[in-house]
1. P(r) for the chain, please, calculated from all Cα pair distances in 10 Å bins and given in %.
2. If you fit an axis through the alpha-carbon atoms of helix 183-194 and take the longest principal axis of the Cα set of the chain, what angle between them do you get, 0 to 90°, nearest 10?
3. Once the Cα gyration tensor of segment 199-342 is diagonalised, what are the square roots of 5 times its eigenvalues, in whole Å and ordered largest first, as equivalent ellipsoid semi-axes?
4. Where the centroid of each part is defined by its Cα atoms, how far is segment 287-330 from segment 418-438 in Å?
5. Rg over Rh of segment 31-161, using C-alpha atoms and the Kirkwood radius, what does it come to?
6. Round to a whole angstrom and tell me the spacing of the C-alpha centers of segment 93-142 and segment 451-502.
7. Going by alpha carbons, how many degrees (0 to 90, nearest 10) lie between the helix axis of 157-168 and the longest principal axis of the chain?
8. What is the extension gain from residue 242 to residue 126, computed as 0.36 nm multiplied by their sequence separation minus the C-alpha to C-alpha distance, in nm to one decimal?
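What follows draws every value from the coordinates through simple rules; no lab data is involved. Because the structure is a prediction, the values reported are computed rather than measured. With ideal geometry, Cβ positions are generated from the backbone for all residues, glycine too; neighbour counts draw on all protein chains shown.
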Ligand code: NAD
């Protein structure tokens, strides 16, 4: 029987259209009910989006940068005016609490603001008289059709890391959001049209592997930005590069927070609560591991966390008194719960067990309470793997160096932080740790929009980080022009030596 659920369509050439014979349910994780169906684009539909972006490129590339930037300024205003509607969609499909959705949107808006400065970033470099009567300059030209593939956990912010700067630099874009919570991403793209983006400059295709593979292999797509899990990031990077594309692929994480014996433990515990359990642990910058230096530190941190967890309220994200909503889907809920079972089997001490949580009136929702393990050890699956849920593990070590060796040995290097009052220790840590984003008494050191975001090791494949100044470089290619206007009537002889200013 055909589904009667509202259908989420693609946005191609400025129009909402159907495309592809397959579709998937989109669930409200707080109720466990399917509320919409999202169309899954086939190859032909994605090719239609690429063709639209290709057609829109010449005129958009030649639009003055200031006019392109004005669309971003208009979009900022529209995003602020529609914040409630956007965040309601995020919470309905992702599950995060509304205040968290608002925080995500605000960070996204800051990327739109930064993209509106693109004319300043695109000014290039100019030198007069690099040789006698010779001037030279470098300019940053748009690539053409660019594409983005985004994860479920930030359906508004992560797409805004990508396409605003790409289009502000004169490119056109095809976006493939997560099929698990696509509505808010689509609404933002529609607002961008309202803000003045011409048809075809930004297209949204919903879908899965078939859509992604089409973007990866179509020669008209010049660059791909990806954010998601490491196995897929690695696949996107190797396939995209083998097709001659520029690729940046941000992957998964397992971020460690070091707590030193001299830290302000009460404040460190408060910071860890938000970093571990905010957004149900579904953040690539979440803290799923605490490395406590010394047993007394570990005992104090575990005791403090237990007290705070007991005060936490778990429930639907629409309830303003809730701190933590549900996990995104039933399979993800089962997976995270399986990790807790695994941790118990491996011999870690389960200090707080959130597996029995039930939310009255929402019994079919994907709610898992906060879980806390003590005595987690390297080599355990719950230490090594990204769980992406409300599961925090405490590892006990004796020295800062031991903590740093553990972090450096881990395959991921996205974020980390240290809690201490010792400036020397903090400086040594931030200077030497093999991780891309470091916090000192800051649990979630997510760079602001005018810096760039990216991890090290298997948390990022590619050379340039996401958003900020790196984004302008990623979405443009440098051209260097050297120019000379010889004086009329002056006869010049041939020169056979290599041109230089010797
Ligand atoms: P995911 O890798 O499952 O999906 C990401 C995107 O890839 C989605 O659009 C999805 O449709 C597509 N995809 C999934 N399987 C594919 C396949 N086999 N072939 C081609 N495309 C495929 O990630 P997710 O579960 O949506 O998001 C969570 C992950 O994203 C976590 O690992 C998290 O750490 C990571 N993440 C990283 C960052 C970062 O900046 N490093 C930021 C946010 C999320």
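1. 4, 19, 27, 24, 15, 7, 3, 1, 0, 0
2. Long axis of 183-194 versus the principal axis of the chain: about 30 degrees.
3. Output for segment 199-342: semi-axes of 39, 19, 14 Å.
4. One Cα centre to the other: 24 Å.
5. Radius of gyration over Kirkwood radius for segment 31-161 works out to 1.10.
6. Between the Cα centres of segment 93-142 and segment 451-502 lies a distance of 17 Å.
7. 10
8. 38.3 nm
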